[in-house]
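To start, the structure itself, in structure tokens.
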Amino acid sequence: MYSKILACFLGVVTIAVIIQAWEVHRHSEKYAIGGEFLAAIKTLNQIHKAEARCAKRLGGYQAMSALGPSGCGGLEQDLASESFEGYRLSLSASNKSYSVTLTPVGAKRLLSFYSDETKVIRMGTREQPATKASKPLE
């Protein structure tokens, strides 16, 4: 008796997992979510490293113009611009703090991202962009 119940339960769980996987696959092709997420995280981590280099060299965080290849941050030129791969990049910096946001441009990007000198990455959507108050990624 218990084996029949267990078999039914496992069958239902298997079907639910297949449906969920199909939905993720369907949306990831339409919106490129996996690549979008990884590219954004990589970009934010590169900006954190560039800001750390500048802070070490100059004693404080710097604006985006100083993070490029000819500045203290050593970022590649495509990252030192204010837009890339479907995102608008916005960096605000003062001597003791900085914050960076990646906001989607166009219909193919769904997610927005925020991070600051704490290196905590927060995620939002196109409709509700990420801010310092957004839930952190875990």
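The values are calculated or read from the model by the stated rules, or taken from the named source; none is laboratory data. These figures come from a predicted structure and were not determined experimentally. Neighbour counts are summed over all protein chains in view; Cβ atoms, including those assigned to glycine, are modelled from backbone coordinates with ideal geometry.
Structure summary
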{"item": "Which numbered condition L102 misses (of (1) touching an Asp or Glu at 6+ places or on another chain (Cβ under 7 Å); (2) part of a strand (DSSP E or B))", "result": "(1)"}
{"item": "Close pairs from the range 58-79: first aromatic (F, W, Y), partner part of a loop (DSSP other than H, G, I, E, B), Cβ under 8 Å, at least 6 apart", "result": "Y61/S94; Y61/N95; Y61/K96; Y61/S97; Y61/E117"}
{"item": "Any hit, the range 105-115, residues being surrounded by 13 or more Cβ atoms within 10 Å (Cβ to Cβ) and farther than 23 Å from G34 by Cα", "result": "no"}
{"item": "Any hit, the range 54-65, residues being assigned to a loop (DSSP other than H, G, I, E, B) and buried (at least 17 other Cβ atoms within 10 Å of the Cβ)", "result": "yes"}
{"item": "Verdict on S92 being surrounded by fewer than 21 Cβ atoms within 10 Å (Cβ to Cβ) and not in a helix (DSSP H, G or I)", "result": "yes"}
{"item": "Cβ pairs under 7 Å, 6+ apart, first in the range 122-134 and in the same structural domain as V100 (by TED's automatic domain parsing), second assigned to a strand (DSSP E or B) and among the β-branched types (V, I, T)", "result": "P129/T101; P129/T103; A130/T101"}
{"item": "Of residues in the range 66-82 being hydrophobic (A, V, I, L, M, F, W, C) and assigned to a helix (DSSP H, G or I), the one farthest from S115 (Cα to Cα)", "result": "A66"}
